[in-house]
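Pasting a structure below so you can have a look.
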Amino acid sequence: MTTSAVPAAPTARHPSLRAAHPTGTRLLTRTPAADLQLLFLGVNPVTAAAAIILAGCGVRGFTVLDPRPVTWDDAAAGAYDLPDVGRSRDHSLRQRLLAANPQALAGGRAELFPGPDRPGTLVIRARSTGITDPTDDDAPLAAAASHLAEDHLVLDVISVEGHPPGTTMVWPVRPWYARACSECVRAAAGTSPREPARTPRHEAWPSHTAVAAGVTAQHVLAAATSTLVDPSESLVTVLRPGAPLSTVDITGVGPEPCAWCSPG
């Protein structure tokens, strides 16, 4: 019996159901969801829930790396079940991916992740505004990141500290060499208006995780299935929990190009 609220979706759809792409390119020319290869480098509640949604959309190729244990907050956010608390995040998520899509191949070896020249590859990196870079501070994640090429595309999904729990920023897709730096992340977090401090509404927390995960999954599909990714994109999606309605806002990366993470 599946433990996921997202049912597995058929990967094959009739061509007549595919609408024309705004540029005139048919969606048939995009990489099919079943052919995508996604590397989750670090996992937070939003990216864990997004992975389940993507498995339900027909994605089969997953590499998940995060040996840290599932916490009570992870379970309270709706990303894991209570029996998962204390188990490693990557092992628990791989089991949930297989429950959502029995055809999924969920591995844990970064050295087997395809190179950037393969269409449909994308790195989804979970991080926080409170630390410098998870791929530097965590030895297993640093070892995994060492297998990535500078041209691998990465989507940073950032937990914003100092804001209500669940506040998340989705960074624009960038090449790995121009991934979000700590200074730009903190600057973008500061430009989003803070909400008054309040006790988290735990009964609404899973619903916000679902909203943020759905938006994140759409960003992943847009980037991984398209050949039209603009590396100069500078808009950040900010997802805030509400009481109980979540909000989605758009803000800029920063007023000036960064010498470290600008893809110039």
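Only the coordinates and a few stated rules stand behind these numbers; no lab work does. Because the structure is predicted, anything quoted here is derived from the model rather than measured. Methodologically, a virtual Cβ is constructed for each residue, glycine included, from the backbone with ideal geometry; neighbour enumeration extends over all protein chains shown.
Can you list residues whose amide H is under 5 Å from ILE124's amide H, if they're 5+ apart or on another chain and H is modeled 1.01 Å from N?
HN-HN under 5 Å from ILE124: LEU39, PHE40, LEU41, LEU155.
How much length would be gained if the chain were fully extended between TRP72 and TYR177, taking 0.36 nm per residue of separation minus their Cα-Cα distance, in nm to one decimal?
Values: separation 105, 0.36 × 105 = 37.80 nm, distance 3.41 nm.
34.4 nm is the gain from fully extending TRP72 to TYR177.
Using modelled amide H (1.01 Å from N, peptide plane; none on Pro or chain starts), what sits under 5 Å from the amide H of VAL236, excluding residues fewer than 5 places away?
Here THR251, GLY252, VAL253 satisfy the definition.
Using the basic label-point model (7 angstrom from Cα toward the beta carbon), what is the LEU112 to VAL85 distance in nanometres?
3.3 nm
Cα-Cα pairs above 21 Å in the stretch 70-164: how many percent?
Summing the P(r) of the stretch 70-164 above 21 Å gives 44 percent of all pairs.
On to the next question. Suppose the chain between GLU203 and ILE250 were pulled fully straight at 0.36 nm per residue; how much longer would it get relative to their current alpha carbon spacing?
Length gained between GLU203 and ILE250: 14.3 nm.
Also, quick follow-up: If I model a spin label as a point 7 Å beyond the Cα along the Cα-Cβ vector, how far apart are those points for LEU235 and SER146 in nm?
If labels sit at LEU235 and SER146, their model points lie 3.9 nm apart.
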